[in-house]
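Since the structure comes first, as structure tokens, the remarks are kept for the end.
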Amino acid sequence: MATRPDGRWEDARVGTRVAVAASSELATAAGVRLGESGGNAVDAALAAVLVAMVCEPGVCAPAGGLFVTVAPADGSPPVTVDGYVEMPGRGLPAERFGRSVHEVSTGYGGGLTTNVGHGSVATPGAFAGLDLANRNYGRAPWPEVVAPAAEAARVGFPLGSAAAYYLDFCREGVFDWHPDGRAVLRHPDGRLLEQGDIVHIPHLADSLDLLAAEGAAAFYTGDLARLVAADMAEHEGLLTAADLAAYRPIVRPALALRASDWRLATNPPPAIGGVAFAAMLALLGDRPRGDWTDDDVRHLVAVQDAVLRHRLDHLDVAPDRVAAAARLLDVALVGDLTKIGTAASTVHVSVVDEEGTACAITSSAGYGSGVMTPGTGIWLNNSLGEQELNRTGVHSLPPGERLASNMAPTVGRRDDGAAIAIGSPGADRITTALLQVLAGYVNGGLPLPASIERPRLHVRHTPDGSVIDHEEDLPLPALDLPTRAHHPNAMYFGGVGVALREADGTLLAAGDPRRAAAVAVIPT
């Protein structure tokens with residue numbers, strides 16, 4: 001068995017029992033593999049999310065950002081590793097800002113407009129966040145964590161259903177403009193890859209091997225960093241060698257909240273997803289107490305409308321998001337809705353292990369910049385081009401500032417020893433999906449699969465007012481807002497994944513039919 005310098009891998013028991021909920025069978029298998037070889041929940045989650053980032057083109061990408069929320073089995077306070085993207089541009093003159101981005105519109109989600117190109121790329125934090133989480137909270141050697149993704153890249157991997165669905169909307173505008181990316185997503189004769197076709201990305205396995213051997217430093221100060229910085233300079237992107245070298249992941253105390261007898265912990269500020277989720281959960285109270293009644297649905301709509309409107313008008317544009325988040329939570333905890341008024345695609349993995357460690361990871365590369373750095377096989381994010389997360393304008397932040405994020409990976413415990421990890425992809429639908437699933441499970445007493453599968457709604461804010469998006473199999477009472485129906489199990493409404501350790505040690509995992517979710521519990 002491989003050995004870590006601190007000896008923890010020497011002491012690991014072969015065959016750690018883990019429950020894994022991930023976005024694909026490949027990702028889930030990676031998590032199972034780490035558990036079977038003695039890794040803990042953190043190791044399994046890191047391996048699974050890295051496979052998802054590599055093997056779900058369009059849905060995510062390796063050079064994006066992520067958050068890792070961990071509740072250690074020893075009962076120490078939960079933390080969130082912030083490996084999210086930040087504003088680049090260190091040392092560049094003012095005239096370089098605002099260049100090398102172009103706007104594209106697609107049909108995804110009923111209509112999506114975003115900016116792509118070299119100027120849409122923020123400083124990636126995912127590799128640094130994964131590396132730090134492994135060193136601080138895992139027990140498997142880093143090369144073991146990276147190995148499943150590297151092997152999948154080497155032999156090729158099938159294009160999954162979620163990636164195929166997304167690429168049908170976004171391939172032409174987002175990914176086809178760059179020659180390296182265009183070649184990856186087509187057959188040699190020019191035909192588009194379809195679901196199930198094998199994807200081969202030249203150089204990607206070699207890049208992952210380098211990351212396995214040298215750690216995240218390979219991407220931030222090593223050979224990969226030099227390739228990325230050179231390509232950015234050639235095409236007037238903002239990401240520089242100085243930005244990569246200066247990037248540091250941050251360990252933050254997770255944001256604490258309660259739901260019934262669960263003590264939950266989620267992504268804290270300056271991210272905004274965890275704050276919005278916590279505020280909505282507080283305002284929802286103990287509803288539903290069983291099945292959703294008409295009054296419960298009206299209250300759910302009112303809660304979403306109030307918090308998401310407040311977020312748009314205040315939290316998203318606040319110069320100090322930490323202080324603005326604290327004010328929102330103070331008001332939400334009072335439970336008075338009248339006091340809260342107007343004033344990308346992602347992947348998620350949840351894992352718990354037999355010892356009680358819970359780990360939830362959500363990762364995003366935006367909607368995709370289309371940029372694949374030559375010689376690396378690594379697609380880069382378009383986080384600077386996500387218009388809903390850059391509401392003060394493209395390139396408006398100072399270099400080094402973390403961008404806003406919807407992601408809210410969440411873990412929790414009960415006093416009886418039960419542990420849970422939960423999260424979802426889905427842009428601003430992340431928080432509303434988590435709210436409805438946890439409310440059904442914690443307050444309504446539904447089994448996890450049933451709570452995940454229930455039809456969902458989301459209050460979407462447009463320049464013309466609020467609209468209730470809903471799955472057409474959700475019965476709606478009379479409401480004051482216009483509605484827009486989506487087909488049942490629409491990918492638009494997220495893809496919640498949950499891993500659970502019951503008080504007696506039983507492990508469970510549940511995935512969302514809205515995405516190509518896969519779950520596994522070992523031993524079966």
Lone unmet requirement of (1) among the small types (Gly, Ala, Ser); (2) more than 30 Å from HIS118 (Cβ to Cβ); (3) at pLDDT 90 or above for ALA230: (2)
One residue from ALA205, ALA225, ALA183 being surrounded by fewer than 21 Cβ atoms within 10 Å (Cβ to Cβ) and touching a Leu at 6+ places or on another chain (Cβ under 6 Å): ALA225
The stretch 145-159 residues that are closer than 14 Å to SER37 by Cβ, paired with ones that are surrounded by fewer than 23 Cβ atoms within 10 Å (Cβ to Cβ) and acidic (Asp, Glu) (beta carbon under 9 Å, 6 or more apart): VAL146/ASP209
The lone exception for SER207 - which of (1) within 25 Å of the chain's Cα centre (by Cα); (2) polar (S, T, N, Q); (3) at positive phi it fails: (3)
Sole exception among (1) β-branched (Val, Ile, Thr); (2) under 22 Å from CYS170 (Cβ atoms); (3) modelled with pLDDT of 95 or more for THR240, by number: (2)
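Report yes if ALA242 is among the small types (Gly, Ala, Ser), more than 23 Å from GLN387 (Cα to Cα) and not assigned by TED's automatic domain parsing to the domain that holds SER424, otherwise no.
Working: among the small types (Gly, Ala, Ser): yes; more than 23 Å from GLN387 (Cα to Cα): yes; not assigned by TED's automatic domain parsing to the domain that holds SER424: yes.
Yes.
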Matching residues, the stretch 50-67, being assigned to a strand (DSSP E or B) and either touching a Pro at 6+ places or on another chain (Cβ under 7 Å) or at positive phi (or both): ALA63, GLY65, PHE67
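Looking at the stretch 78-96 only, could you name the residues that are assigned to a loop (DSSP other than H, G, I, E, B) and either surrounded by 15 or more Cβ atoms within 10 Å (Cβ to Cβ) or in contact with a helix residue (DSSP H, G or I) (Cβ under 7 Å, 6 or more places away or on another chain) (or both)? Let's see the steps before the verdict.
We begin by selecting, within the stretch 78-96, every residue assigned to a loop (DSSP other than H, G, I, E, B); these are 78, 84-85, 87-93.
Scanning the stretch 78-96 gives PRO78, TYR84, VAL85, MET87, PRO88, GLY89, ARG90, GLY91, LEU92.
Considering every residue within the stretch 474-487, establish whether at least one is of a type outside the set (A, V, I, L, M), within 26 Å of ARG33 (Cα to Cα) and either surrounded by fewer than 23 Cβ atoms within 10 Å (Cβ to Cβ) or in the same structural domain as LEU448 (by TED's automatic domain parsing) (or both).
No: zero hits.
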Near pairs, Cβ below 6 angstrom, 6+ apart or cross-chain, from the stretch 418-431 (in the same structural domain as TYR492 (by TED's automatic domain parsing)) to any residue that is assigned to a loop (DSSP other than H, G, I, E, B) and among the β-branched types (Val, Ile, Thr): SER424/VAL496
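Every residue, every condition in (1) acidic (Asp, Glu); (2) touching a Gly at 6+ places or on another chain (Cβ under 9 Å); (3) buried (at least 21 other Cβ atoms within 10 Å of the Cβ); (4) assigned to a helix (DSSP H, G or I), yes or no:
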position	(1), (2), (3), (4)
GLY440	no, no, yes, yes
GLY445	no, yes, no, no
PRO449	no, yes, no, yes
ILE452	no, yes, yes, yes
VAL459	no, no, yes, no
VAL498	no, yes, yes, no
LEU508	no, no, no, no
ASP512	yes, yes, yes, no
ARG515	no, yes, yes, no
Tally of residues being crowded, with 24+ Cβ neighbours inside 10 Å and of a type in the set (D, E, K, R) across the stretch 56-74: 1
Among the candidates ARG226, ARG287, residue that is farther than 17 Å from GLY65 by Cβ, basic (Lys, Arg), out of contact with any Asp or Glu (no Cβ under 9 Å at 6 or more places or on another chain) and not in a strand (DSSP E or B): ARG226
Residue within the stretch 409-420 that is part of a loop (DSSP other than H, G, I, E, B) and surrounded by 19 or more Cβ atoms within 10 Å (Cβ to Cβ) present: yes
Residue match in the stretch 140-152 (condition: touching a Ser or Thr at 6+ places or on another chain (Cβ under 9 Å), farther than 18 Å from ALA63 by Cα and not in a helix (DSSP H, G or I)): yes
GLY65 over 24 Å from ALA22 (Cα atoms) and among the small types (Gly, Ala, Ser): no
Where a residue in the stretch 83-104 is within 29 Å of LEU130 (Cα to Cα) and its partner, wherever it lies, is surrounded by 22 or more Cβ atoms within 10 Å (Cβ to Cβ) and charged (D, E, K, R), with Cβ under 9 Å and at least six apart: GLY83/ASP131; GLU86/ASP243; MET87/ASP243; PRO88/ASP243; GLY89/ASP243; ARG90/ASP243; GLY91/ASP243
Residue match in the stretch 437-450 (condition: aromatic (Phe, Trp, Tyr) and in contact with a Lys or Arg (Cβ under 7 Å, 6 or more places away or on another chain)): no
Number of the exception - SER105 against (1) of a type outside the set (Val, Ile, Thr); (2) closer than 25 Å to GLU355 by Cα; (3) in a strand (DSSP E or B): (2)
Whichever residue in the stretch 231-246 is acidic (Asp, Glu) and not in a loop (DSSP other than H, G, I, E, B) and, among such residues, is surrounded by the most Cβ atoms within 10 Å (Cβ to Cβ): ASP243
Residues satisfying the stated conditions in the stretch 248-281, i.e. of a type in the set (Phe, Trp, Tyr) and surrounded by 24 or more Cβ atoms within 10 Å (Cβ to Cβ): PHE277
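Conditions (1) assigned by TED's automatic domain parsing to the domain that holds ALA427; (2) at pLDDT 90 or above; (3) more than 18 Å from ALA241 (Cα to Cα); (4) more than 18 Å from the chain's Cα centre (by Cα), marked per residue:
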| position | (1), (2), (3), (4) |
| --- | --- |
| THR69 | no, yes, yes, no |
| PRO72 | no, yes, yes, yes |
| PRO77 | no, yes, yes, yes |
| VAL81 | no, yes, yes, no |
| GLU86 | no, yes, no, no |
| ARG90 | no, yes, no, yes |
| PHE97 | no, yes, no, yes |
| GLU103 | no, no, yes, yes |
Any hit, the stretch 189-198, residues being surrounded by 17 or more Cβ atoms within 10 Å (Cβ to Cβ), under 19 Å from ALA61 (Cα atoms), of a type in the set (Val, Ile, Thr) and in the same structural domain as VAL54 (by TED's automatic domain parsing): no
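The values are calculated or read from the model by the stated rules, or taken from the named source; none is laboratory data. A quick note: this is a predicted structure, and the numbers were derived from the prediction, not measured. In this analysis, Cβ positions are derived from the backbone assuming ideal geometry, glycine residues included, and neighbour counts consider all displayed protein chains.
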